[in-house]
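Here is the structure we will look at.
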Amino acid sequence: MRDKFEAECAAIEQNCTYTAETHHIVAAKQKCLGNALQLVPAVIAAGLGVLAGAGVLPSWSIWLSAAAAAISAVTSVLNPFAEYSSHLNAAKGFTILKQDARALRSTFSVPMTDDTFAASTKSLHDRYSDLVRSAPETANKAFAEAQKRIKAGTHTLD
């Protein structure tokens, strides 16, 4: 029976590895998008404002500056970093759970009785289910990228 608990811990560890990596990939992309959505319009607005104010550009270009400033204001209110944060938190949660599954399977279970190991494995499984339930959705493309990274040995211990 012990081998079934070890197999469940290994499955949770593997699932968490792939899911955490996927969430890290999505979070990194969201961070880049958030930076672009906040910085680019603000820089354009500032540059156009200065150039229009200095008389280098025609006076109608101030409307372009105003439009860029409005886009910057809207993206600040929409908070493009919210999705980044939720994916990063999910990635961290799955990473923690992955480490707990590995430690339970390979170390902590050794002195445990079968009943204690069963209860610990059930608790781990319940935590995994709760995390899956609360994690934001990811895309198949991000999962494929995560799968490629993992199979390349990214998470192999040195």
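A few remarks follow.
- Cα-projected label distance for Trp60 with Ala11, points at 7 Å along beta-carbon direction, nm: 6.7 nm
- The range 83-95 - phi-based ³J(HN,Hα) in whole Hz, Karplus 6.51/-1.76/1.60, Gly and Pro as x: 5, 4, 5, 5, 6, 5, 5, 5, 4, 5, x, 5, 5
- Separation of the Thr138 and Thr154 label points, Cα + 7 Å toward Cβ, nm: 0.9 nm
- Residues of type lysines that Lys141 reaches as a straight line, Cα spacing below 21 Å, ignoring anything fewer than 8 places off in the same chain: Lys29, Lys31, Lys92, Lys151
- For the range 2-17, putting each phi into the Karplus relation 6.51 cos²θ - 1.76 cosθ + 1.60 with θ = phi - 60° gives couplings of 4, 5, 6, 5, 5, 5, 5, 4, 5, 5, 5, 4, 5, 4, 5, 4 Hz, in residue order, rounded to whole numbers and with x for Gly and Pro.
- Accessible area per residue, Å², the chain with all protein chains present, probe 1.4 Å: 61 Å²
- Sequence-separation-based contact order of the chain, relative, with Cα cut under 8 Å and 6+ spacing, percent: 41 percent
- At full extension, Ala28 and Thr113 could sit 26.4 nm farther apart than now, given 0.36 nm per residue minus the alpha carbon distance.
- At R0 = 35 Å, FRET efficiency that the Cβ-Cβ distance of Lys4 and Ser85 yields, to 0.05: 0.40
- Nearest-0.05 FRET efficiency for Ala103 and Leu39, computed from C-beta distance (R0 30 Å): 0.15
The values are calculated or read from the model by the stated rules, or taken from the named source; none is laboratory data. This one's a predicted model, so the numbers in the text were calculated from it and none came from an experiment. All Cβ positions, even for glycine, are placed from backbone atoms using ideal geometry, and neighbour counts span all protein chains on display. The accessibility values were calculated without ligands, DNA or RNA, using every heavy atom of the protein model including side chains. Shrake-Rupley method; radii C 1.70, N 1.55, O 1.52, S 1.80 Å.
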